[in-house]
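Since the structure comes first, as structure tokens, the remarks are kept for the end.
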Amino acid sequence: MRRLLWVGIFACVYIQNTQAQIVIDSIGAKQAIAYLNKIRASPASYANTLGIRELKNIQPKITLKENAILRKVAEQRAMDLAVNNYFSHINKNGEGVNILLARAGYPIKESSYKRKNSNYYESLSAGDMSPEEHIDNLIIDEGVEPPLHRNHLLGLSEFWENCTEIGIGLVKAPKTKYGAYMVVIIARPEF
């Protein structure tokens, strides 16, 4: 009995120790939102920096407003990725961000989450880098054709152009495969 208790206590301490090293970086998330809004306000001025000539032809987009529900869901998603040490738009229960937003009380149409793995609103980045580098990587979208993350973040389709609210979850997790996870949710309330 003592031995079982010792193993149980060790397992709890180990799990707690691993999670204690996973930290939500809310300051970094706000920096990422500010940086993304600067790019959205003047895409052409970032064309050379990001190496994307097409940005010279993109008209400025509206400033995204932070939404508390989107931020909370983004933080929970980033924490889940770090705690479970994986990288996917679908969580371990087979759920995409649309159903998670609906459960959290964000107003989206039922048809948006009818399929539980649907994702219209989330972009993910992983790696130990600055908040700005996470945003840059999503906009550059290397190896992704068409560049869906860029389209999402910069509002480059009619659907995403109408999305006006943002929440970012940034988690530092040095003992995981990637070291940090950023979840960017840009959406619009649908009543």
(Q) On a full-extension model of 0.36 nm per residue, what is the gain between ASN57 and VAL144, subtracting their alpha-carbon distance, rounded to one decimal in nm? (A) 29.3 nm
Q) Taking the stretch 113-147, which GluC sites (Glu not before Pro) meet the DSSP loop condition and have no more than 12 other C-beta atoms within 10 Å? A) GLU142
Q: With a 1.4 Å probe and every protein chain left in place, work out the accessible area per residue of the chain in Å², rounded to a whole number.
A: 55 Å²
Q. With charges only on Cβ, +1 for K and R and -1 for D and E, what is the dipole size of the chain about its Cα centre, in debye, rounded to 20?
A. 620 debye
Q. Taking a label point 7 Å from the Cα of ASN162 along the Cα→Cβ vector, which residues of the stretch 52-81 have an amide N closer than 18 Å to it?
A. 61-65
Q: For the stretch 120-191, calculate the relative contact order in percent as a whole number, restricting contacts to Cα pairs under 8 Å that are 6 or more residues apart.
A: 37 percent
Q: Pairs of Cα atoms under 8 Å, at least six residues apart: use those to get the relative contact order of the chain, whole percent.
A: 29 percent
Q: For n ≥ 4 DSSP H runs only, could you compute -39500 (n - 2.57) per run for the chain, divide by its residues and tell me the 222 nm figure to the nearest 500?
A: -13000 deg cm²/dmol
Q: Enter the Cα centre distance for the pair the stretch 127-159 and the stretch 22-65, rounded to the nearest angstrom.
A: 9 Å
Q. From the residues ALA34, SER123, GLY94, which one has its Cα farthest along the dipole of the chain in the positive direction, the dipole being from +1 and -1 charges on Cβ of Lys/Arg and Asp/Glu about the Cα centre?
A. GLY94
(Q) If each residue of separation counts as 0.36 nm, what is the full-extension length gain between ARG115 and ALA41 once their alpha-carbon separation is subtracted? (A) 23.2 nm
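The values are calculated or read from the model by the stated rules, or taken from the named source; none is laboratory data. Keep in mind that this is a model prediction, so the values were computed, not measured. Using ideal geometry, Cβ is built from the backbone for each residue, glycine included, and neighbour counts are taken over all protein chains shown. Only protein heavy atoms, including side chains, enter the accessible area calculation; ligands, DNA and RNA are left aside. Shrake-Rupley method; radii C 1.70, N 1.55, O 1.52, S 1.80 Å.
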